[in-house]
Amino acid sequence: MESNIDTLTLLAEITIAFVAFATITASIKMTLGVDLSAYQRLVIHYFTESAMISISIIILTLVLLNFFPDRVELASIISCIYAFVACSAYMLWYMRRRIAIKAPTPIASMLVIIGYFAMIVLLGITISGLIWKPSIEIVCAVASYNLLGAAVIFSAFLGGFIDSNKDETP
């Protein structure tokens with residue numbers, strides 16, 4: 001069985017470009033001498049780290065598909081297990097940090113967090129094979145959601161960046 005990896009490759013490229021842009025934008029804010037609150041630092045960590053997890057999931061899948069070109073199902077199972085472990089561990093770590101700093105939870109953050117937990121549950125169901133089997137499409141969906149969630153959080157961060165410069169505008 002042959003697998004089309006164009007979607008995975010495209011997702012990897014878009015996610016890498018997003019991480020680069022988001023990191024540069026956050027760096028500009030810091031170099032302007034703006035002191036970042038603990039919450040802003042947490043947000044920066046979230047959108048970079050969750051996107052990097054997405055990239056690692058995609059790259060693992062691409063590597064497995066190259067090692068086992070005729071074993072797409074095996075590559076899918078391993079990738080889904082890795083995605084489940086990586087996303088679960090990251091969300092637990094992120095929530096622990098979020099609770100420690102008593103971070104506010106705007107509606108955008110709440111929706112992303114709920115979606116992330118739903119994605120983890122769906123990955124668990126996928127790994128069990130009860131409803132559907134692991135597939136490259138599931139890996140693409142997980143990577144897409146990670147990118148979407150990171151983009152939503154980044155846009156909220158960017159909105160705060162623009163709002164903080166209002167008093168400097170004539």
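The values are calculated or read from the model by the stated rules, or taken from the named source; none is laboratory data. Fair warning: this is a prediction, and the values are worked out from it, not measured in the lab. Positions of Cβ are backbone-derived with ideal geometry, glycine not excepted, and every protein chain shown enters the neighbour counts.
Here are the numbers for this structure:
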quantity: Any hit, segment 85-103, residues being surrounded by 14 or more Cβ atoms within 10 Å (Cβ to Cβ), modelled with pLDDT under 95 and among the small types (Gly, Ala, Ser); calculated: yes
quantity: Residue among Phe67, Phe18 that alone is farther than 22 Å from Pro104 by Cα and at pLDDT below 90; calculated: Phe18
quantity: Enumeration of residues in segment 71-84 that are part of a helix (DSSP H, G or I) and touching a helix residue (DSSP H, G or I) at 6+ places or on another chain (Cβ under 9 Å); calculated: Val72, Leu74, Ala75, Ser76, Ile77, Ile78, Ser79, Cys80, Ile81, Tyr82, Ala83, Phe84
quantity: Some residue of segment 129-146 being in contact with a Cys (Cβ under 8 Å, 6 or more places away or on another chain), among the aliphatic types (A, V, I, L, M), over 22 Å from Phe21 (Cα atoms) and at pLDDT below 95; calculated: yes
quantity: Residue that is in contact with a Cys (Cβ under 8 Å, 6 or more places away or on another chain) and either of a type in the set (Ser, Thr, Tyr) or at pLDDT 90 or above (or both), where the choices are Thr61, Thr126, Thr23; calculated: Thr126
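For every residue, the table says whether it meets (1) crowded, with 19+ Cβ neighbours inside 10 Å; (2) in contact (Cβ under 8 Å) with a residue 24 or more places away in the chain; (3) among the acidic types (Asp, Glu); (4) assigned to a helix (DSSP H, G or I).
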| site | (1), (2), (3), (4) |
| --- | --- |
| Tyr116 | yes, yes, no, yes |
| Leu123 | yes, yes, no, yes |
| Ile131 | no, no, no, no |
| Pro134 | yes, yes, no, no |
| Val142 | yes, yes, no, yes |
| Asn146 | yes, yes, no, yes |
| Val152 | no, yes, no, yes |
